[in-house]
Amino acid sequence: MSKVVTRFAPSPTGFMHVGGVRTALFAWLYARKNGGKFILRIEDTDKAREVEGSIAHIIESLKWLGIEWDEGPDIGGPHAPYLQSDRLATYKEYALKLIEKGYAYPDPFTEAQVEEWRKQAEAEKRPFLFREHRPETMEEWDGKRPLRFKVPEVKRYEWEDLAWGTLSAGEEALDDFILIKGDGYPTYNFAHIVDDLLMEVTHIVRGQEFISSTPKFLSLYDALGIARPHFATMPIILGEAGTKKLGKRDGAKDILEYREEGYLPEAMMNFLALLGWHPESGSEILSREDLLASFDLARVQKGGARFDEEKLLHINREWMRTLSSDDYVTMGNLSAAHPERLTKIVPILKERAQTFKEAREMLHGELRCLFEAPTLDIGLLTGKEGEGETGTTKGHLEAVKGLVEGLHEGADPEAVKAVLMPYADEKGRAAVLWPTRYALSGAERSPDPFTLISVLGKEETLLRLTAAIDIL
Ligand code: GLU
């Protein structure tokens, strides 16, 4: 078999969403896995739907994920240009070839005429087929009229799909579709076939929405006398509930929004790879290397892939946990008043935060007490004094203070615990540990007192304990 060449061919009609990136990822993985090439081609032939800035956005999204291409609009390559709007002369050349072979004709009809046929077919409850209205005589193509394909043979088509197996469709799927529109731009149906041929694409990886048009593509391959490439169809991505197609709210959003929310690209790639595929090993945490070693188009599933937000969060947390404390702080854009304390609480963040956005929120929420001295409420401070214990809190805090004074600098939570626990066990855990924790945090919920002491350090701990003792 010739060298594998795959491509990602997005239309610049807006931001990149999960489905688009997943297709790009699978095409890229397959090419890399097989030592082949991966091409980025921009299909900008529908000028009305084009959204400014989309191309830069597509490139940025792919780069964020670490998907690199060997040929593309930004880096060129042997089959340049990679922007379809710059290839109009090439499509015209192939259009003329088809005319010459008798497989294309200019559409001589007015919109009103076509509309009438359409209505008539509808009234008779049969599909409207353009090929039933072919003009008697072929005019010369002036480049201003739409150019239509003349399906050479109306027949049943069968084809192999690497993921779906054998597929087939009957004659109703074939029609004289437009090759070149009145504005001079080719249709997707035509342009992608010419480009895939010239760019030597061996495997077409794309979404399920193209299955119904595949017979049209096959008849065009036949008319041009070219070999079919391999097809691999990606399953649709279903929303959280697993019943309907993914909507804007549950993940069909801009992929770069995930970056803003503090997802790691490794996690996103890992998660996307599992949308419609899984390795034989069944493992869920997969690095780029793991994916490259195990990916195969033949293992792509047919059924819709559920977009499971919880799974994404879980995978992201796992990837965040692999970072060193310093990297965690830097990559998470974390900042706080006392950088040394920030580094110390990374283990807590690693336990709890599923995204860096959550980590940042924690620093301003439940972990804020680590960076800002609290204001205390006497009622809460003494709130755990049991019956017959009224007024004992002050004494406990003084005792704790004494124990903290004896700690060595930089004691970790375990060491702090070893020093405090005997006293707490003797006097009552709640009576001692609650006011200690509250005196240090001023919050009803916070990390445990040992962690607080370890992170705050001796000096700050003693200041806070003294402040609590003073108000009692
Ligand atoms: N331009 C098409 C799209 O964005 C590409 C389909 C294909 O990969 O052939 O949907």
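The values are calculated or read from the model by the stated rules, or taken from the named source; none is laboratory data. Every value quoted in this text rests on a predicted model; they were computed, and no experiment measured them. Reconstructed Cβ throughout: ideal geometry from the backbone, glycine too, with neighbour counts over all protein chains shown.
Structural remarks
- Residue, nearest to ASP327 (Cα to Cα), within segment 211-238, restricted to residues that are buried (at least 18 other Cβ atoms within 10 Å of the Cβ) and of a type in the set (Gly, Ala, Ser): ALA232
- Top-ranked residue of segment 5-20 - restricted to ones that are within 22 Å of GLN301 (Cα to Cα) and modelled with pLDDT under 95, ranked as surrounded by the fewest Cβ atoms within 10 Å (Cβ to Cβ): HIS17
- Test for TYR157: is it surrounded by fewer than 20 Cβ atoms within 10 Å (Cβ to Cβ) and within 24 Å of ALA31 (Cα to Cα): no
- Here ILE453 meets each of (1) buried (at least 16 other Cβ atoms within 10 Å of the Cβ); (2) aliphatic (A, V, I, L, M); (3) more than 46 Å from the chain's Cα centre (by Cα) with one exception, condition (3).
- Scan of segment 447-459 for residues that are free of Cβ contacts under 8 Å to residues at least 40 places away in the same chain and within 14 Å of GLY410 (Cα to Cα), ordered by number: PHE450, GLU459
- Residues (farther than 18 Å from LEU407 by Cα and not small (Gly, Ala, Ser)) located in segment 429-472: ARG429, TRP434, PRO435, TYR438, GLU444, ARG445, PRO447, ILE469, ASP470, ILE471, LEU472
- Count of segment 199-250 residues which are of a type in the set (Gly, Ala, Ser) and either in a strand (DSSP E or B) or within 15 Å of the ligand (Cβ to nearest atom) (or both): 4
- Hey, GLU361 surrounded by 13 or more Cβ atoms within 10 Å (Cβ to Cβ), part of a helix (DSSP H, G or I) and not assigned by TED's automatic domain parsing to the domain that holds ALA273 or not: yes
- Annotation: GLU280 fulfils all but one of (1) closer than 30 Å to GLU160 by Cα; (2) at pLDDT 95 or above; (3) touching a Ser or Thr at 6+ places or on another chain (Cβ under 9 Å); the unmet one is (2).
Quick grid of which residues meet (1) free of Cβ contacts under 8 Å to residues at least 24 places away in the same chain; (2) under 20 Å from LEU462 (Cβ atoms):
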position: LEU381; (1), (2): no, yes
position: GLY386; (1), (2): no, no
position: GLU398; (1), (2): no, yes
position: LYS401; (1), (2): no, yes
position: LEU407; (1), (2): no, yes
position: ASP412; (1), (2): no, yes
position: LYS417; (1), (2): no, yes
position: ALA424; (1), (2): yes, yes
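- Applying the criterion of being of a type in the set (Ser, Thr, Tyr) and within 16 Å of the ligand (Cβ to nearest atom) to the residues of segment 165-198, the residue that is nearest to ALA89 (Cα to Cα) is TYR185.
- Residue within segment 145-154 that is of a type in the set (Lys, Arg), modelled with pLDDT under 95, touching an Asp or Glu at 6+ places or on another chain (Cβ under 8 Å) and more than 14 Å from the ligand (Cβ to nearest atom) present: yes
- Entry remark, segment 213-240: residues being touching a Ser or Thr at 6+ places or on another chain (Cβ under 6 Å) and more than 28 Å from VAL21 (Cβ to Cβ) number 0 in total.
- For SER281, the conditions (1) without any contact (Cβ under 8 Å) to a residue 40 or more places away in the chain; (2) closer than 30 Å to LEU96 by Cα all hold with the exception of (2).
- Only one entry in ARG299, ARG306, ARG321 is modelled with pLDDT of 95 or more and surrounded by fewer than 21 Cβ atoms within 10 Å (Cβ to Cβ), namely ARG321.
So that you can scan it fast, the table gives a plain yes or no per residue for (1) within 41 Å of the chain's Cα centre (by Cα); (2) free of Cβ contacts under 8 Å to residues at least 40 places away in the same chain:
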residue	(1), (2)
GLY77	yes, yes
GLU93	yes, yes
ARG126	no, yes
GLU132	no, yes
TRP141	no, no
LYS150	yes, no
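- Residue tally, condition surrounded by 15 or more Cβ atoms within 10 Å (Cβ to Cβ) and farther than 10 Å from PRO12 by Cα, over segment 27-59: 15
- Enumeration of residues in segment 412-447 that are at pLDDT below 95 and in contact with a Pro (Cβ under 8 Å, 6 or more places away or on another chain): ALA443
- For segment 1-103, the helices (runs of 4 or more DSSP H) that sit wholly inside it and include 2 or more residues that are of a type in the set (Val, Ile, Thr) and away from the ligand (no atom under 16 Å from the Cβ) are 88-100.
- Number of positions in segment 214-243 that are free of Cβ contacts under 8 Å to residues at least 40 places away in the same chain and closer than 28 Å to ASP176 by Cβ: 6
- Failed condition for VAL346, given (1) assigned to a helix (DSSP H, G or I); (2) out of contact with any helix residue (DSSP H, G or I) (no Cβ under 7 Å at 6 or more places or on another chain); (3) surrounded by 16 or more Cβ atoms within 10 Å (Cβ to Cβ): (2)
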